[in-house]
Every structure is written in structure tokens, then in C-alpha cells.
Amino acid sequence: NPYAGLVSHLRASWLSGKTRPMEYRVAQLEALGRFLDDKKQEILEATELDMGKPSFEAFFSEILLCKNELNVTLNNLCQWMKDEYVDKNLVMQLDSAFIRKDPYGVVLIIAPWNYPIHLFLVPLIGAIAAGNCVIIKPSEISKNTERLVAETLSCYLDNDCFAVVTGGVPETTRLLENKFDYIFFTGSSPVGRIIMTAAAKHLTPVTLELGGKNPCYVSDTCDVTNVARRVAWGRFFNAGQTCIAPDYLLCTIEMQEKLMPALREAITEFFGPNPRESPDFGRIVNDKQFQRVQRLLGSGRVAIGGQTDEAERYIAPTVLADVLPSDPIMQEEVFGPILPIVVIANLDEAIDFINARPQPLAVYAFSCDSKIVNQVLERTSSGGFCGNDTLMHVALPSLPFGGIGNSGLGKYHGKFTFDTFSHPRGCLHRTMGLETLNTPRYPPYTQQKMGLFTTTFEVKRRGTCTLL
């Protein structure tokens, strides 16, 4: 296996204990900060070349949010690493019972192409903070960013403990033949199943950050202008190539008619009368993705946009009206700048529609009535939830980010990333003396010993509590 030597080298480094001291972890994290500062302009240029990503969007998603994650981690690492002491029973009052946050060992991070810096760097921050050695596999689809990471990251990190592997499907397949102690994958659900199958051969735990069709319910009681602006921003950010983008709208026929002019106005406000000429609207990443997204334009009725240019891989910000659940666009994640609207009769029908489909990565709900937003929250299941906005819940490192069911497994961001890459090791350190306290557990067993044993080990139920 072409990667066996690399994995063995990193495992030897991990077994040496090199990555465990807090000072080492901090030094490597600070080096990542220098990477972001030094390579800021190159990151903006590479993501622009890969998918026409506007510099504002690239700075926000690829640099600023990563710096926030980094600083949250550096600010709190000392506290996160501390042993967590737990409650004890009568027998063990003089002993030490605690949870040690152990690193897993050698971990693999496989990143996608749509946010090619953010989606390898944020998990990497947590993996380093937790004390692991890491192999990073950036996406070969965003080739300019892949080249930048492969050529420059090694200048900042310890090459004995961290490595970048490049290549496509054959290289990734061979890489996965090796035993890792943890695998973190971001990508599509079909590939997630392949990753999980490969991990199962070595009983390797995984985090799978996948996608799905994120529903967005718009009630009849809402500020239509604000809804249109917030939905258009979330749908067309990065030309729609965002796993948490609102994938389709659910609303009544009356609300569809109100939303159309408001969406048209928002798109014109954001991108001008011809979005193709706007510096703030990106492009589809490659020809294969362009052709896939273009085919989805045949669903429903094109109410706004619909223009395409294959040479530029340009698809205009598009809204499709009167889309049927059976239409092709409702059978797969859009992952492009197209927003289908599915008409429903009321809130109950919208919730039934959502619950009849695989659990999405996010559910969105818009209403001036907070009871309606809370009903959507309480009666659906998804990786995350955002009321009266789109995308913004992922900007908070204090909230866990991750999927459920078909949309993924595991969570990260902030301390949740540190916890993901840490094994919570239950530890009990007992005193060598006071052997008399242990006598009730030893044979020969008697009823008297049973009574003593029960008294010292039994956990009794307290009074009931009420959720306010």
C-alpha cells in the first residue's frame, strides 16, 4: 500500500507522546493561524479560480469562521483538556474518579470541494487540540485550493505528525485500506456509505458530515421582503453549493404568489439586473456538476432566472414555481443556484411532507408567530434548525453542527470538535489501603454482606422534576 509507510510514521510519532503536551498543541494551532494570515490572498485567489467564489464569501466562510474556531479553541484548550471529576459512591469517597480526554491516535480527515479550506481546517483544529496525528485529504475537484494546501501547509505544521495526501478516487480508496483510529468525512451520502464500509473493516469510528434536502417552511404570517432576502442569500451563497442551503420552499399558493416579486427584487438587489456580470455571484465547480444542475431546470416552471452558459459554468439564480414532489429536482440535493417551491395547504401538511423524507441536515422555518416556528422545531427532526433565517446557525461555535440519519453522523464546531476527536476515558484510581471497605464484595457471600453492599452502592431516585 503506497500510504502504509506514511501512516506508520505518523503512528510512531503519536506513540512517542509528542502530540500530547498542551504546549505542543498550542504551537501547532498558532501555526494554523499564521497559515491563514500569510496565505489569505492565495486562498481568495484559489477559491476564485476553482468556482468563481466572491472574495467576500471566501473571506467570511474560508478565513473568518476558521479564525473564530481557532481562537475559541486556543482560548479554552486548557480547560477542555482538564480531567473531569465525577460523582462517587460511599465506598469510593477517598478515591479519584475522573474522565481523561485521550487522543484517538492517527486520524484521517477527508474534505470536500465546496468549502475547501473551511471543511478541512475546522476539523483539523479540533484534531490537533485533542492531541492526534492527522492525515488530510483535500478534494481533487477544487484543484487550485488542493495545490495550495498540499504545497504550503507542510511549511507550518510538524511533518512528523501531520501530512497532506492528494489525488482522486483511486488514491482515496488505497488510503482507506490503512487502519486509522478515527475518520472524519464531509461529502455526499453515497460516498459516506463507502467511507463507513471501509472504516468497519478496522472497527474505526467515524464522523460523517453529509447533505440532504433541507426544507424551508414559510408561513402565511411573515415579513415577505425579509424572508425573500434571507432565503435568497442562503440559497445563492457560493452559487448554491452549500450543504446547509435551503433546498426547497414549502408554502401555500397565496404565499408563493407574494414571494415571487419579493424574491425577484432580492436577487436584483444582490446581483444586479444581470447576475452573470456580478462579481458577487459564483460559478459551478466543474462541467459534470454544471450538467447535473442544468438538468434540474426542467422541473416545475421557471419563474425567475433559468439562464445558463456552459462555457462559464454559469447558472443564473433561479426560482422554480409549482414544483411537484415527483419532479426530478425533488429526488436529489440541488447543490446549485436553483430554488424550487412546493405548494402545500397548511402547516400540518408541510410537517408531514418533511417527516415523510430522510432527516435533513437543516430545517428552516419562517413566521412572525413564534408558536409556528416552535411547532416546526418540535415536530420535525434534523441535524440543525434555524428559525427566521438561513445558514447563520453554523456561524456559532457554541452550537454543535452535524447531521442525523441520512444527513450524517456525529457533530463538531468549537468544543464539540475537540470532543469528537477525544476518547472520554473513564478512570478510577483507588487507594491501596482501607481494605476493610472492600470486604462486603468478597466471598463467602452472606445476607449481611448483601445489605452492606447494597447500602454503599445503591443509587436512589430523587424527587421528580418538571420542565418549565
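The values are calculated or read from the model by the stated rules, or taken from the named source; none is laboratory data. Quantities reported herein were computed from a predicted structural model and do not represent experimental measurements. All Cβ positions, even for glycine, are placed from backbone atoms using ideal geometry, and neighbour counts span all protein chains on display. In case anyone asks, the SASA skips ligands and DNA or RNA and just uses the protein heavy atoms, side chains included. Shrake-Rupley method; radii C 1.70, N 1.55, O 1.52, S 1.80 Å.
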- Within-15-Å neighbourhood charge of Leu74 [Cβ basis; K, R +1; D, E -1]: 0
- Quick one: net charge around Arg357, please, counting Lys, Arg +1 and Asp, Glu -1 for every other residue with C-beta under 15 Å from its C-beta. -4
- Message: Using each residue's phi in region 435-446, evaluate 6.51 cos²θ - 1.76 cosθ + 1.60 at θ = phi - 60° and report the 3J(HN,Hα) Karplus result to the nearest Hz, with x for Gly and Pro.
- Response: 5, 4, 5, 8, 4, x, 8, 8, x, x, 7, 9
- If the chain between Cys78 and Leu49 were fully stretched, how many nm would it gain, using 0.36 nm times the residue separation less the Cα-Cα distance? 6.5 nm
- Message: Here is the link list: Lys39/Lys415; Lys88/Lys460; Lys40/Lys137. Which ones come out longer than 23 Å on Cα distance?
- Response: Lys39/Lys415
- Message: Starting from the 7 Å offset along Cα-to-Cβ, what nm value, one decimal, do you get for the label separation of Leu90 and Cys368?
- Response: 6.3
- Grab the Cα-Cα distance for Ser8 and Arg430, subtract it from 0.36 nm times how many residues apart they are, and report the gain in nm with one decimal. 148.3 nm
- Can you give me the relative contact order of region 338-458 as a percent, contacts being Cα pairs under 8 Å and 6 or more apart? 17
- Message: Below 8 Å between Cα atoms, with a sequence gap of 6+, how large is the relative contact order for region 131-232 in percent?
- Response: 21
- Search the structure for amide H atoms under 5 Å from the amide H of Leu339, placed 1.01 Å from N in the peptide plane, and list their residues when 5 or more places away or on another chain. Thr318, Val319, Leu320
- Per-residue HN-Hα couplings for region 346-354 [Karplus 6.51, -1.76, 1.60; θ = phi - 60°; Hz; x = Gly/Pro]: 6, 4, 4, 5, 4, 5, 4, 4, 5
- Give me the number: length gained by fully extending Ser326 to Glu254, i.e. 0.36 nm times residue separation minus the C-alpha to C-alpha distance, one decimal in nm. 23.8 nm
- Task: Answer with one residue from Leu259, Phe59, Ile304: the one whose Cα lies farthest towards the positive end of the charge dipole of the chain, charges on Cβ with Lys, Arg +1 and Asp, Glu -1.
- Result: Phe59
- Query: What dipole magnitude, in Debye to the nearest 20, does the chain give about its Cα centre under +1 on Lys/Arg Cβ and -1 on Asp/Glu Cβ?
  - Reply: 1740
- Quick one: Karplus J couplings for region 82-90, per residue in order, coefficients 6.51, -1.76, 1.60, θ = phi - 60°, nearest Hz, x for Gly and Pro? 5, 4, 9, 7, 10, 5, 10, 8, 4
- Dipole of the chain [Lys/Arg +1, Asp/Glu -1 at C-beta], most positive-end residue of Val227, Thr166, Leu10: Leu10
- Message: Tell me the carbon and sulfur percent of the accessible area for the chain, rounded to whole percent, probe radius 1.4 Å.
- Response: 56
- Message: Highest mean first, how do 199-205, 414-420 rank when packing is the count of other Cβ atoms within 10 Å averaged over residues?
- Response: 414-420, 199-205
- Message: Counting only Cα atoms, I'd like the Rg/Rh figure for the chain, Kirkwood definition for Rh.
- Response: 1.05
- Query: Once you have the alpha carbon radius of gyration of region 215-402, what is it after dividing by 2.2 N^0.38 Å, with N set to its residue count?
  - Reply: 0.97
- With the 8 Å Cα cutoff and a minimum separation of six or more residues, the chain has a relative contact order in percent of 19
- Would you work out the charge dipole size for region 215-402 about its Cα centre, treating the Cβ of every Lys and Arg as +1 and the Cβ of every Asp and Glu as -1, and quote it to the nearest 20 debye? 360
- What's the local net charge at Gly414, with K and R +1, D and E -1, over the other residues with C-beta under 14 Å away? +1
- Collect residues whose amide H, placed 1.01 Å from N in the peptide plane, falls under 5 Å from the amide H of Phe385; neighbours closer than 5 in sequence don't count. Val363
- Averaged per residue, the 1.4 Å probe accessible area of the chain, protein heavy atoms only, in Å², is roughly 46
- How big is the accessible area of Phe457 in square angstrom, nearest 10, if you roll a 1.4 angstrom probe over the protein chains? 80
